[in-house]
1. Specify which of the listed residues (THR90, THR64, THR51) is assigned to a strand (DSSP E or B) and closer than 18 Å to PHE102 by Cβ.
2. Which ones in the stretch 47-70 are closer than 22 Å to ILE14 by Cα and either touching a residue at least 60 places away in the same chain (Cβ under 8 Å) or hydroxyl-bearing (Ser, Thr, Tyr) (or both)?
3. Residues of the stretch 22-39 being part of a loop (DSSP other than H, G, I, E, B) and either farther than 15 Å from VAL94 by Cα or open to solvent by 50 Å² or more (accessible area, probe 1.4 Å) (or both), which ones?
4. Within the stretch 91-123, count every residue that is within 18 Å of LEU26 (Cα to Cα) and of a type in the set (Ser, Thr, Tyr).
5. I'm checking my understanding of the structure. Among residues of the stretch 57-78 that are of a type in the set (S, T, N, Q) and open to solvent by 50 Å² or more (accessible area, probe 1.4 Å), which one is nearest to LEU128 (Cα to Cα)?
6. Quick one: ARG118 ticks every box in (1) closer than 26 Å to GLY32 by Cβ; (2) surrounded by 15 or more Cβ atoms within 10 Å (Cβ to Cβ); (3) basic (Lys, Arg) bar one, so which box is it?
7. Any residue at all in the stretch 99-108 that is open to solvent by less than 70 Å² (accessible area, probe 1.4 Å), closer than 23 Å to ARG13 by Cβ and not charged (D, E, K, R)?
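The values are calculated or read from the model by the stated rules, or taken from the named source; none is laboratory data. Every value quoted in this text rests on a predicted model; they were computed, and no experiment measured them. When we count neighbours, we look across all protein chains shown, and the Cβ atoms used for this are built from the backbone with ideal geometry, even at glycine. What goes into the accessible areas is simple: the full protein's heavy atoms, side chains included, and nothing from ligands, DNA or RNA. Shrake-Rupley method; radii C 1.70, N 1.55, O 1.52, S 1.80 Å.
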Amino acid sequence: MRRTDKQVTDPARIRAIVDGCDCCRLGLCDAGVAYIVPMSFGYTEQDGQYTFFFHSAREGRKQTLLRQSPRIGFELDTNHRMRVESHSCTYSSVIGVGTVSFLTDPAEKAAGLRAILRHCIGRDDLPLTEAQLSAVCVFSLTVESLSCKESL
């Protein structure tokens, strides 16, 4: 990271920034061309190890690309405000790399969906039926590396 003065290393602050984000952008590659996909997400974190969870249709361009190349980039950001007086802006961001795994076990899919519900609506106690679990693709992104940066 070039601007180490903006680097965030405190685990609690990184978690707070992730908590404040409502979109995770996945960076995929399609025949040498970047393909960026904004996704709602949930996550778990244990001892600094993040796993993000996503849901989507069971087929399509994103599915094809993730299966071809499961190691992808990701980005989250929040706290955007213009500072008119200094011609700059505030932000908090997290970027990184990880590997995608498709969840097929119903219990794992339910746990992933509950992580998404917890992050997106603050609840993870909604019932999930077998039909709902069968109708959706749930995948996880195991984070291999991430960096966090902030200018407030």
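1. Working: THR90 fails: closer than 18 Å to PHE102 by Cβ; THR64 fails: assigned to a strand (DSSP E or B).
Just a single option satisfies the conditions, and that option is THR51.
2. Start the filter on the stretch 47-70 by keeping residues that are closer than 22 Å to ILE14 by Cα, which leaves 47-54.
Answer for the stretch 47-70, where residues must be closer than 22 Å to ILE14 by Cα and either touching a residue at least 60 places away in the same chain (Cβ under 8 Å) or hydroxyl-bearing (Ser, Thr, Tyr) (or both): GLN49, TYR50, THR51, PHE52, PHE53, PHE54.
3. Going residue by residue through the stretch 22-39, those that are part of a loop (DSSP other than H, G, I, E, B) are 22-23, 31-32.
Answer for the stretch 22-39, where residues must be part of a loop (DSSP other than H, G, I, E, B) and either farther than 15 Å from VAL94 by Cα or open to solvent by 50 Å² or more (accessible area, probe 1.4 Å) (or both): ASP22, ALA31, GLY32.
4. 4
5. THR64
6. (1)
7. The answer is no, given that none of the residues of the stretch 99-108 is open to solvent by less than 70 Å² (accessible area, probe 1.4 Å), closer than 23 Å to ARG13 by Cβ and not charged (D, E, K, R).
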